[in-house]
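A.B. asks: The structure that follows is given in the form of structure tokens.
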Amino acid sequence: MGGMLQMVLGNLMRKKLRTLFTLASVIIAFVLFALLGGLSRAFTAGVELAGADRLVTQHKVSFIQPLPLSYVQRIRGLDGVRSAGHYTWFGAYFQDPRQQFALFPTELEQVAEIYPEYTVPDGQLEGLLADRTGLMIGKAMAEQYGWKVGDRVPIFSSIYPKQDGSYSWEFTIQAIFTGTGNEADEMQAFADYDYFNESRRFGRDSVGWIVTRIERPEEADAIAVEIDTRFANSPTETKSSTEAGWAAGFAAQFGNIGLIVQLVMACVFFTLLLITGNTMAQAVRERTPELAVMKTLGFGDGRLVAMVLAESLTVALIGGVIGLLLGTLFVQGAAVALSQFFPGLAMSAATLGWGLAFALALGLVTGAWPAWRAGRLNVVTALARR
Amino acid sequence: MNEAHASAAGQAIVRVAGVTKQYRKGRQSVEVLHGVDLDIADGEFCALMGPSGSGKTTLLNLIGGLDQPDRGEIDVAGQRIDRMSSRELARWRAAHVGFIFQFYNLMPVLTAQRNVELPLLLKRMSARERRERARLALEIVGLADRAGHRPGELSGGQQQRVAIARAIVSDPSLLLADEPTGDLDRDTANEILDLLQTLNQRHGKTILMVTHDAAAAERASRQVQLDKGRILDASGAG
């Protein structure tokens with residue numbers, strides 16, 4: 001085993017520059033794979049985060065069209081509805097318009113009911129409900145901006161001016177929630193709707209969308225239909241769907257990210273296949289007399305096939321692992337820098353798993369042809385070429 | 001005559017009977033060997049001579065189990081190798097034959113020690129035992145002090161000694177040498193021939209050596225002349 005391993009490594013190091021370039025191309029491809037995987041996940045994170053027992057109701061025409069506030073009470077009255085809360089996109093940013101984040105004016109006492117995955121420390125909720133300018137933020141957001149309970153922060157809205165025409169809103173951090181599980185989004189904030197509603201210059205008594213938590217997930221479709229039926233033929237018709245369906249539809253507004261990622265990766269891997277496959281074939285072709293000598297010594301076809309496959313697998317797996325590690329580092333760095341825009345940007349275990357599977361497949365596919373040729377080598381002909 | 005020679009020198013280790021071999025060149029079929037008969041006795045050092053294209057290497061390849069005859073029988077150490085599958089032949093070669101080539105054919109990425117160990121990778125043997133046996137083989141060819149060198153760091157003669165150590169390390173019954181001195185100067189060639197003679201006389205190895213060189217052939221105990229695919233003369237010599 002040691003001798004064969006030395007042969008495999010020695011053969012790879014025979015032309016160092018060639019191996020280095022091949023390795024570099026594999027590494028770059030897998031860095032790209034990791035980055036695109038992270039990006040794809042960021043666009044679909046909402047779908048993963050979606051609760052099975054939550055429905056989202058929006059204006060039938062468009063997500064940006066408001067709904068009347070009165071709809072919330074009417075939905076709460078339906079059978080099978082456990083609770084309902086409304087949310088409005090505030091268009092928040094801190095100091096710099098590039099530092100955007102998600103802030104939703106809502107009924108704060110409803111948040112814990114609608115989103116049980118968010119936990120607020122004891123005592124903070126009371127302070128939050130007692131303060132009209134109180135703000136509840138995620139732990140990740142608090143860490144990013146260095147905010148703590150009691151801080152007064154000026155937050156700008158890119159949409160809603162106050163009665164005095166100012167776009168600057170004063171809030172006081174009153175609660176910092178943590179999300180249970182790695183998937184929960186802690187880069188968002190919730191503010192008191194009444195304070196927002198009374199202070200804004202336009203759009204009074206309207207909300208962006210309504211989230212309904214239902215008693216039994218299996219009734220989701222029926223209740224969604226019932227909600228839309230209730231508001232049918234009114235000036236503001238609605239469109240209700242499960243939260244997962246709504247998030248998927250939201251992500252689809254950016255285009256089919258998954259398909260784009262797959263197409264880019266297919267191009268990358270096809271090119272990589274040609275480069276690595278050609279390099280492996282060339283490397284084995286150059287060693288034809290040596291392979292013939294090994295056969296002469298009694299090495300069987302299977303052993304030669306295994307040796308050549310081991311070489312291609314070594315390149316693909318080393319390159320793949322380094323590429324995935326580098327890609328993970330890039331994604332983690334980007335996740336911090338772009339947390340306002342892509343709160344779901346992260347490397348998932350599934351992406352890493354697929355990456356390793358692709359590296360394995362790459363090694364096998366690129367080594368298959370040269371390995372088959374090595375196995376089928378005619379000793380007499382190969383030795384005569386010498 | 002061949003049988004008489006084999007019984008005089010010892011039991012025949014190689015028996016070639018009525019062997020014919022054809023090769024295809026494009027649409028044409030060329031018969032390289034025409035019903036060759038040859039016996040080589042156990043412990044014999046036999047030189048196979050003849051002009052280029054006479055079929056020497058083809059016969060050597062057939063006896064070494066690298067190729068199969070179209071007709072005839074080949075028996076080596078009591079086994080009919082002309083009936084073996086390629087898988088059986090690979091195993092048989094590993095156990096019974098040591099090959100020595102004109103251009104040494106060492107693995108450039110391995111040290112002399114590892115090159116010699118190569119055939120032992122096919123045997124059930126511990127790494128330590130492999131190392132010891134390779135070291136012994138290198139001592140026999142006088143290159144124990146070069147064990148850690150790669151082929152590129154050795155002279156032609158030294159490389160051929162490593163190749164001979166590789167050929168004998170698994171203690172085969174038969175050594176097949178194809179122009180082993182063809183790429184060496186006269187002095188180095190003599191050293192290699194001395195080594196082959198020592199392996200034959202002191203270690204009892206049976207050797208079949210293909211050569212153009214009359215001086216090299218004289219070192220053998222018997223010379224066999226091959227011309228146009230037929231054995232012309234198989235007289236005792238040396």
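The values are calculated or read from the model by the stated rules, or taken from the named source; none is laboratory data. Keep in mind that what you see is a predicted model, and the values were worked out from it rather than measured. So basically every Cβ, Gly included, is an ideal-geometry build from the backbone, and we count neighbours across all protein chains shown.
A.B. asks: Of all residues in segment A:167-215, count the ones that are in a loop (DSSP other than H, G, I, E, B), surrounded by fewer than 18 Cβ atoms within 10 Å (Cβ to Cβ) and acidic (Asp, Glu).
C.D. replies: Of the residues in that region, 3 qualify.
A.B. asks: Residue pairs, Cβ under 9 Å, 6 or more apart or interchain, first in segment B:119-139 and within 11 Å of chain A (Cβ to nearest Cβ), second among the hydroxyl-bearing types (Ser, Thr, Tyr). List them.
C.D. replies: B:Pro119/B:Ser170; B:Leu120/B:Ser170; B:Leu122/B:Ser170; B:Lys123/B:Ser170
A.B. asks: Could you please give the count of residues in segment A:195-236 that are of a type in the set (D, E, K, R) and within 13 Å of A:Val72 (Cβ to Cβ)?
C.D. replies: 3
A.B. asks: Would you be able to tell me the number of residues in segment A:184-231 that are closer than 25 Å to A:Gly91 by Cβ and either of a type in the set (Gly, Ala, Ser) or under 27 Å from the mean Cα position of the chain (by Cα) (or both)?
C.D. replies: Number of matching residues: 16.
A.B. asks: Could you tell me whether any residue of segment A:326-344 is at pLDDT 90 or above and among the aliphatic types (A, V, I, L, M)?
C.D. replies: Yes, because at least one residue in segment A:326-344 is at pLDDT 90 or above and among the aliphatic types (A, V, I, L, M).
A.B. asks: Read through the list (1) within 14 Å of chain B (Cβ to nearest Cβ); (2) of a type in the set (A, V, I, L, M, F, W, C); (3) in a helix (DSSP H, G or I), then give the number of the only condition that A:Phe299 fails.
C.D. replies: Against the list (1) within 14 Å of chain B (Cβ to nearest Cβ); (2) of a type in the set (A, V, I, L, M, F, W, C); (3) in a helix (DSSP H, G or I), A:Phe299 comes up short only on (3).
A.B. asks: Also, I was wondering about something else. Please list, ordered by first then second residue, the pairs with beta carbon atoms under 7 Å, 6 or more apart or interchain, first in segment A:1-25 and facing another protein chain (nearest Cβ under 8 Å), second modelled with pLDDT of 80 or more and surrounded by fewer than 16 Cβ atoms within 10 Å (Cβ to Cβ).
C.D. replies: A:Gly2/B:Ala127
A.B. asks: Quick one: count up the residues across segment A:223-240 that are surrounded by 13 or more Cβ atoms within 10 Å (Cβ to Cβ) and in a helix (DSSP H, G or I).
C.D. replies: 6
A.B. asks: For segment A:84-100, how many residues meet the condition of being assigned to a strand (DSSP E or B) and under 24 Å from A:Arg204 (Cβ atoms)?
C.D. replies: Residues meeting the conditions: 6.
A.B. asks: Suppose we keep only residues that are outside any helix (DSSP H, G or I) and facing another protein chain (nearest Cβ under 7 Å) within segment B:90-107. Which one would you say is surrounded by the most Cβ atoms within 10 Å (Cβ to Cβ)?
C.D. replies: B:Phe99
A.B. asks: Please identify the pairs in which a residue from segment A:280-291 that is assigned to a helix (DSSP H, G or I) has its Cβ atom under 6 Å from the Cβ atom of a residue that is among the β-branched types (Val, Ile, Thr), counting only partners at least 6 apart or on another chain.
C.D. replies: Every condition considered, the pairs that remain are A:Met280/A:Thr366; A:Val284/A:Val308.
A.B. asks: Can you confirm whether segment A:98-120 contains a residue that is modelled with pLDDT of 90 or more and over 13 Å from A:Ala189 (Cα atoms)?
C.D. replies: No, that holds for no residue.
A.B. asks: Among the numbered conditions (1) within 14 Å of chain B (Cβ to nearest Cβ); (2) assigned to a helix (DSSP H, G or I), tell me where A:Leu362 comes up short.
C.D. replies: With (1) within 14 Å of chain B (Cβ to nearest Cβ); (2) assigned to a helix (DSSP H, G or I) applied to A:Leu362, the lone miss is (1).
A.B. asks: Collect the residues in segment B:76-89 that are under 24 Å from B:Lys123 (Cβ atoms) and touching a residue at least 12 places away in the same chain (Cβ under 8 Å), keeping them in residue-number order.
C.D. replies: B:Val76, B:Ala77, B:Gln79, B:Ile81, B:Met84, B:Leu89
A.B. asks: Search segment A:348-365 for residues that are closer than 21 Å to A:Ala42 by Cβ and pair each with any residue that is modelled with pLDDT under 90 when their beta-carbon atoms are under 6 Å apart and the residues are at least 6 apart or on different chains.
C.D. replies: As it stands, the answer is A:Ser348/A:Arg41; A:Thr351/A:Gly37; A:Gly355/A:Phe33, since those pairs meet every condition given.
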